[in-house]
1. Any idea what the relative contact order of segment 250-342 is, in percent, if you count C-alpha pairs under 8 Å spaced at least 6 apart?
2. At most 11 other C-beta atoms within 10 Å and a DSSP loop state: those are the exposed GluC sites (Glu not before Pro) I care about. Give me the longest piece of the chain that has none.
3. Report the one residue of ILE327, ALA297, HIS270 whose Cα lies farthest in the direction of the positive end of the charge dipole of segment 270-342 (charges on C-beta: Lys and Arg +1, Asp and Glu -1; origin at the Cα centre).
4. Enumerate the calculated ³J(HN,Hα) couplings along segment 240-254 in order (Karplus 6.51 cos²θ - 1.76 cosθ + 1.60, θ = phi - 60°), each rounded to whole Hz, writing x wherever the residue is Gly or Pro.
5. Let me have the relative contact order for the chain, percent, based on Cα pairs under 8 Å that are six or more residues apart.
6. In whole Hz, with x marking every Gly and Pro, tabulate ³J(HN,Hα) for segment 99-110 from phi via Karplus 6.51 cos²θ - 1.76 cosθ + 1.60, θ = phi - 60°.
7. Can you pull the Kirkwood radius for the chain, inverse mean 1/r over Cα pairs, to one decimal in Å?
8. Mean Kyte-Doolittle of at least -1.0 and a Cα length of 18 Å or more along the axis: which whole DSSP H helices of the chain meet both?
Amino acid sequence: MPEKAIIIATRGSALALAQANCIAAECRKFFPRLRFELKIIKTTGDKLQKASMAQLEGGLPKGLFTKELEAALLKNRADLAVHSLKDLPTDVPAGLVLAATPRREDVRDALIYRDAAFFRKLRDETENSKVVEWRPGQSALRGFGPNLTVATLPDHATIATSSTRRKMQLLAARPDLNVVEIRGNVPTRLRKIAERGELDATILALAGLKRLNFSVQANGKLLGDAVPDGLLASVLDDEVMLPCVGQGAIGIEIRADDGRIAKICERLNHFNTFQCVTAERAFLSAMGGGCQSPVAAYAEADENHVRMRAVSFCHERARRGHGRRAISDAALLGKELAAELK
């Protein structure tokens, strides 16, 4: 009788599946004699795509994108759950544990906006043809040249983001900007920027774009199968837009007493990444926040040490801090920095 398959639980979005398939491929590489299968589970967050995440934070429990996967683990309907670590609450349910974080992807954000040259050419071609292809209002679309930055956005530009952390950092740098909500998966958000003239730009995690096989070219063009024509991207320095806790990292959650699966996770884990996100998650936990809290933190491994920068917008004015500790004291670093900013 063939050995029972090891079940990997995941959400069904394109990005979640890309991450889960990456983990499954690593599992099969390290353990070729074992059988691994994906199990797609719809979460509460998937069912609330039209709701405002900022408004939901106070009205619904944490774990909008994780609790159904965790329930599958606790009921032995899955053996591993693959999360975007930024979505995983710091207070993991009793009986479960964050067992591994593979090597982290690029933590930076990307500013996505329309290409002025592309839309100018498209407009001219349309006006010179006998068939008018512009939809109502589409001629009002404005674009920008390559290398657009937060500092060079036009006055009162409208930026779409569902992230409180991004909103607060944008307004701290540019109080004149108009920041509005946007929902949907990555291709949906890209399409909204390409088609909706009332939106000038959005901000997306570079890690998510890369995992969906999108790429930012040297000339600023954003390429990929699901990318609408005429979009550009500028990668934002983390000094301009500090990432959220866990950004770019994949978290693998398992049952705490499952030694067999823990052995698998040992092969999947990247030690430095795990210590860095430990510091970040300790900071977030001590700040008392979730993934929509107005805080940001980024830790980097430096030889045998972890150094971390953080910012909090929980008070009237932004509070920033940084620290460095031995890599074995990563959690302590996060708690100390939280105490400083609180």
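1. In percent, rounded to a whole number, it is 28.
2. 4-132
3. So the residue furthest toward the plus end is ALA297.
4. After applying 6.51 cos²θ - 1.76 cosθ + 1.60, I find 8, 9, 5, x, 7, 4, x, 4, x, 10, 9, x, 10, 10, 9 Hz.
5. Here the relative contact order equals 21 percent.
6. Whole-Hz 3J(HN,Hα) from phi for segment 99-110: 9, 7, 9, x, 3, 6, 7, 4, 8, 6, 9, 10.
7. This gives a value of 21.3 Å.
8. Flagged H segments are 14-30, 271-287.
Throughout, read-outs are computed from the coordinates displayed, never taken from laboratory work. Because the structure is predicted, anything quoted here is derived from the model rather than measured. All Cβ positions, glycine included, derive from the backbone under ideal geometry; neighbour counts span all protein chains shown.
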